[in-house]
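Here the structure comes first, spelled out in C-alpha cells, and everything after it is commentary.
The values are calculated or read from the model by the stated rules, or taken from the named source; none is laboratory data. Being a predicted model, the structure only gives us computed values, none of them experimental. Note: accessible area is taken over every heavy atom of the protein model, side chains too, but ligands, DNA and RNA are not part of it. Shrake-Rupley method; radii C 1.70, N 1.55, O 1.52, S 1.80 Å.
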Amino acid sequence: MAYPTPKIIYDPGTGATVVTPTFPNIQKPYMDNFEAVRHDSITSDGIRQSITERVDRVRPINFETVPWTDMPMWEAFFAYAIQGGTFQYYPDGTATAFATWQLVDDKIAPTFVAFGLSKFVMNMRLVAAGASSA
C-alpha cells in the first residue's frame, strides 16, 4: 500500500490554486497535537481555577524530500498562508475528504537535504467551523 500524497487548495484572491507535492509527507502517528489557551489561578489553599479560552488541534506536517522544482509552488503557498490565510488540506490528494486549516508558524525555513532536494516542517491549526480568516 502506497503512502498517500496530500493536496492543498487555497485562494490567494486570484482563484483557487492547488499545491500537489511530488512526494508524500512524513508524519507521526495519525493524531493531532492539542494546545490549550488557558489561564490558571491558584489560591493560597491550593485550589485551582482554570479558564479555557480555546483548545486548538495542531498538525505538524514534515516534508523530508521536496524537489527544488516544487519550491516555487511552495513559496507561493507560504506567501499566502503565513499571513493567516485559510486553506483546504486533503490528507489523500486523490480523495474528497478535507479540513480547513491555517498555519500556526510565523516562519517557514526550508533546509538543504541533498542536491536537488530540500525539506521543511509546517504546523497547521484546524479552523473551527464557521470561523473566518479576516
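Annotations
- Accessible solvent surface per residue of the stretch 10-134, calculated while the other protein chains remain in place, 1.4 angstrom probe, Å²: 63
- Against the criterion of solvent-accessible heavy-atom surface with a 1.4 angstrom probe, Ile42, Ile8, Ile26 sort, most first, into Ile42, Ile26, Ile8.
- Helix 71-81 vs. the chain, principal-axis angle (Cα, 0 to 90°, nearest 10): 30
- Figure note: Met31, Met124 ranked by solvent-accessible area, largest first, 1.4 Å probe, ligands and nucleic acids not counted: Met31, Met124.
- Fraction of the pair-distance distribution of the chain above 27 Å, Cα-Cα pairs, percent: 28
- The chain, relative contact order in percent, only Cα pairs under 8 angstrom and at least six apart counted: 26
- Using a probe of 1.4 Å on the protein chains alone, the accessible area found for Asp45 is around 130 Å².
- Apolar share of the accessible surface for the chain: 57 percent from carbon plus sulfur atoms, 1.4 Å probe.
- Amide H contacts of Met124 (H built 1.01 Å from N, in plane; Pro and chain starts excluded): Arg59, Ile61, Val104 sit under 5 Å, all sequence-distant by 5 or more or on other chains.
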